[in-house]
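Please treat every number below as a calculation from the coordinates, not as lab data. Only a predicted model underlies this, so the values are computations on that prediction, with no experimental measurement involved. We place every Cβ from the backbone using ideal geometry, glycine too, and count neighbours over all the protein chains shown.
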Amino acid sequence: MSELATPPALRLVAMGGGSGAGRVLLAARPYFADLTAVIAVTDTGRSTGIARRLVDMPAPGDVRSTLAALAQNPDSIFARLFQYRFETQTLPDLDGMAVGNLLIAALYQMTNDFPQAVRIAGEMLHSMAQVLPVSGANVQLCAELEDGSHTVGELAVRGVGKAPIRRLYLSDPQATAYPPVLDAIRHAEVIVIGPGSFFTSVLGTLLFAGVREALRETRGTVVFVCNTTTQPGQTDNFTVLEHVRWLVTTLGAGVLDIALINQSEELDADLVNHYADEGLHLLHPDPDQLQAIRALGVEPLVRDLVEVTSEKRQLWNKQDTLRHDLEVLGMALWKIALDHR
């Protein structure tokens, strides 16, 4: 009797921002042998924005966060140094500056190649996954708003109190994706989009030339991991359906296969109310929304995906939100890979 063939190693690509893509890869690590992060490069937040102006480069912040999360030893002195933020009153521009942003900036000046700088930083941290910037192009994220005005820069695009976003675009519409990103997408069994800042990290990553074409060409399963809550300045008053509809419009019909959606019934009411007071409202799909998602050609998979917690985390210059449970998310993605093999 012939031996059974060993099934090929499963490959997964996670696309988005620093915290979302990093958590997807940590969740997927027990089940997928080949992991790649494709990370946003248009952030203009305080520390990242200063680093960008310092050496005129793509945004290092989301890449830095992903590399630190995926370091072989995240508690090592170098991984902690990568995330360490200066505290100083004498040089205000350096107050809150992440050391990793400066290290990537220095590597960029040494190599004059942003993807190469990221690769070297990954080697220094012994990253457990391949971390790729979506592009080496130094561009700005822009938006046309419903009132006809335009905003330039990620910080303005996600600004609170502005009109809703009508259209998202790059300052250079010809900016191309980093070629290894496109290869990774085409050859993966599962491509995960999100969770994360919906317009600035998730949709913004899809705008570089070649990304949407690669997603149309891939034989892998394209999965959207929907956020657990709305986000002030980006998805105020959005439903789950509106998230999926925006993504389908951006990618084109027939590209997105599955929407992995949280539905938690037993969350701490005080915690949910605390988030709501800050404008982060729990996304909870009803049957009509799920039917409308199916009508878009997307399969909704509803699970209780939230990490159980009774208190908020304190983040630097960002809002905390309800995070996905790593074990539940990883098993869900593994099952998707096996079912759609």
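Between 57, 15, 331, where does the largest GNM mean-square fluctuation fall for the chain, given springs only between Cα atoms within less than 10 Å? It is 331. Extending 7 Å from the Cα toward the beta-carbon at both residue 339 and residue 302 defines two label points whose distance is 1.4 nm. Between residue 112 and residue 76, what FRET efficiency comes out of the Förster formula 1/(1 + (r/R0)^6) with R0 = 25 Å and r the beta carbon distance, rounded to 0.05? According to the calculation, E is roughly 0.30.
Using the alpha carbons alone, the radius of gyration of the chain stands to its Kirkwood radius in an Rg to Rh ratio of 0.95. Sorted largest first, the principal axis extents computed over the alpha-carbon atoms of region 1-155 equal 72, 45, 27 Å. Per-residue ellipticity at 222 nm, computed for the chain from helices alone with -39500 (n - 2.57) per DSSP H run of at least four residues, works out to -10500 deg cm²/dmol.
Net charge dipole, region 41-133: roughly 20 debye, given to the nearest 20, about the Cα centre with Cβ charges of +1 for Lys and Arg and -1 for Asp and Glu.
About its Cα centre, the dipole of the chain is roughly 800 debye, where the only charges are +1 on Lys and Arg Cβ and -1 on Asp and Glu Cβ.
Scaling against 2.2 N^0.38 Å puts the C-alpha radius of gyration of region 41-133 at 1.00.
Between residue 156 and residue 219, the C-beta separation translates, for a Förster distance of 56 Å, into a calculated FRET efficiency of about 0.90.
Ranked for footprinting exposure by Cβ neighbours inside 10 Å, fewest first, 216, 323 give 216, 323. Taking only alpha carbon atoms, region 144-196 gives an Rg to Rh ratio of 1.10, where Rh is the Kirkwood radius. Taking every DSSP bridge with both residues inside the chain, close to 30 percent are antiparallel. Of all the options 116, 291, 234, the one that moves most in a Gaussian network model of the chain with Cα springs shorter than 10 angstrom is 291.
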